[in-house]
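Got a structure for you, written out below as structure tokens; questions coming shortly.
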Amino acid sequence: MKIAVLLYDNFTMLDAVGPLEVLSLLPDADVFVVAETAGVVYPDNQVLPFIASYSYQDVTEADLVIVPGGPGSIAMESHQPTLDWLRNVHARSKWTCSVCTGSLILGAAGLLKGLRATSHWAVRERLTEFGATPEASRWIEQDRVVTAAGVSAGIDMALHLVSLIADASVAKAIQLGIEYDPQPPFDSGAIEKATPDVVAAVANGSIAMNREGRARPRLPRLG
């Protein structure tokens, strides 16, 4: 199983790392972390640099593709090298997947036309711009495309994918192995459950969700 994970500046870490942690535990999983140019890629919180070991030219096909979301997804919606790469790998993939606003990138590449899809609640209705039907679901599987809702939903999506690729027993074993047994202290993880003041705090940015303006830290030189 060749798995390609797309990275770009200002992606959200858990969008990529959550499903990657699950899917990398598949038997015979071969993971390729890909960016337009191989090298360091910074997520939206700017605190932990990631390394994309492969460029678009290095990885031209994959069995499974994961596209994370994040503030940087806005730029990717009109970034032709990325959209072209997605179209090309999707043509031969078994599964093309997104987490959070990564679905907007899939939509911009023309991969969601006529499909049901989901995304982060704050932008879910934008999927109509790309010919998709938005739905409030933790994940949606349709026609080789699997889209997940915001951030943490990528883990749920990945476990579902494992059940499809291997079987439910493997998915359950991986879930136990990573001890994924969510019991959050608050029941405000969905817009339908959150109180209006909490929704407003996220929607208007008073809770630090948009980190694009944060200065990139200077890393010490090694050696």
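For the range 5-98, calculate the relative contact order in percent as a whole number, restricting contacts to Cα pairs under 8 Å that are 6 or more residues apart.
32 percent
Let me ask you something else. If you place +1 on the Cβ of every Lys and Arg and -1 on the Cβ of every Asp and Glu, how big does the dipole about the Cα centre of the chain come out, in debye to the nearest 20?
I would put it at about 360 debye.
I've got another one for you. Using unit Cβ charges (K, R positive; D, E negative) and no other charged atoms, how large, in debye to the nearest 20, is the dipole of the range 1-92 about its Cα centre?
Dipole about the Cα centre, nearest 20: 80 debye.
Among all the aspartates and glutamates, which ones have a C-alpha under 17 Å from Lys113's C-alpha, if same-chain residues fewer than 8 places away are not counted?
Those aspartates and glutamates meeting the cut-off are Glu77, Asp84, Glu125, Glu129, Glu135, Glu141, Asp143.
Okay, next question. By a straight-distance test (C-alpha under 24 Å), which lysines pair with Lys172 as possible cross-link partners, with residues fewer than eight away in the same chain excluded?
Within the straight-line limit of under 24 Å, Lys172 reaches these lysines: Lys2, Lys94.
Can I ask one more? Could you tell me the accessible area of His79 in Å² (1.4 Å probe, neighbours in place), rounded to the nearest ten?
About 50 Å², ignoring ligands and nucleic acids.
List the relative contact order of the chain as a percent without decimals, with contacts defined as Cα pairs under 8 Å and 6+ residues apart.
Across the chain, relative contact order equals 19 percent.
Roll a 1.4 Å probe over the protein heavy atoms and report the accessible area of Met76 in Å², nearest 10.
Here the accessible area works out near 30 Å².
I would also like to ask the following. Residue farthest toward the positive end of the dipole of the chain, with Cβ of Lys/Arg at +1 and Asp/Glu at -1: which of Met157, Gly72, Ser188?
Farthest along the dipole direction, towards plus: Gly72.
Right, another one. How large is the accessible surface per residue of the range 100-199, computed with a 1.4 Å probe and reported in Å² as a whole number?
It amounts to 51 Å² per residue over the range 100-199.
Sticking with this one: To the nearest whole percent, what portion of all C-alpha pairs in the range 78-161 is separated by more than 16 angstrom?
Pairs farther apart than 16 Å: 44 percent.
How much accessible area does Lys193 have with a 1.4 Å probe, in Å² rounded to the nearest 10?
My reading of the accessible area for Lys193 is about 120 Å².
Accessible area of the chain with a 1.4 Å probe: how many percent of it is carbon plus sulfur?
That fraction is 54 percent.
Top mean-square fluctuation among Asp181, Asp167, Asp15, Gaussian network model of the chain, C-alpha springs under 10 Å?
Top of the fluctuation ranking is Asp181.
Using only Cα positions of the chain, each an equal point scatterer, no hydration layer, compute I(q)/I(0) via Debye at q = 0.10, 0.16, 0.19 Å⁻¹ and quote the log10 values to two decimals.
Taken in order of the listed q values, log10 I(q)/I(0) reads -0.43, -1.14, -1.54.
Taking every DSSP beta bridge that has both residues in the chain, what percent is antiparallel when rounded to the nearest 5?
Around 25 percent antiparallel, to the nearest 5.
Want the number for Leu176 to Gln142: 0.36 nm per residue separation, take away the alpha-carbon distance, what's left?
9.5 nm
Now a separate question. In nm, to one decimal, how far is the Thr37 label point from the Glu135 one, both placed 7 Å along Cα→Cβ?
4.1 nm
Something else about it: As I understand it, the dipole of the range 16-133 uses +1 on the Cβ of Lys and Arg and -1 on the Cβ of Asp and Glu, about the Cα centre. Which of Gln57, Thr82, Trp121 lies farthest toward its positive end?
Going by the charge dipole, the pick is Trp121.
So if I place +1 on the C-beta of Lys and Arg and -1 on the C-beta of Asp and Glu, and nothing else carries charge, what would the dipole magnitude of the range 77-137 be about its Cα centre? I want it in debye, nearest 20.
240 debye
On to the next question. Choose one answer from Ala117, Ala149, Ala91: the residue with the largest mean-square fluctuation in a GNM of the chain with alpha-carbon springs under 10 Å.
Ala91
Calculate the FRET efficiency for Val47 and Ala122 from the Cβ-Cβ distance with a Förster distance of 30 Å, rounded to the nearest 0.05.
That pair, Val47 with Ala122, gives E of 0.85.
Could I ask something else about it? As an exercise, use a Förster radius of 22 Å and the Cβ-Cβ distance of Ala203 and Arg87 to find the FRET efficiency, rounded to the nearest 0.05.
In this case the efficiency is close to 0.10.
Please arrange Ile51, Ile155 by accessible surface area, largest first, computed with a 1.4 Å probe and ligands excluded.
Sorted by accessible area, descending: Ile51, Ile155.
The values are calculated or read from the model by the stated rules, or taken from the named source; none is laboratory data. Every value quoted in this text rests on a predicted model; they were computed, and no experiment measured them. Every residue, glycine among them, receives a Cβ derived from its backbone with ideal geometry; neighbour counts consider all protein chains shown. Calculation scope for accessible area: heavy atoms of the full protein, side chains included, ligands and nucleic acids excluded. Shrake-Rupley method; radii C 1.70, N 1.55, O 1.52, S 1.80 Å.
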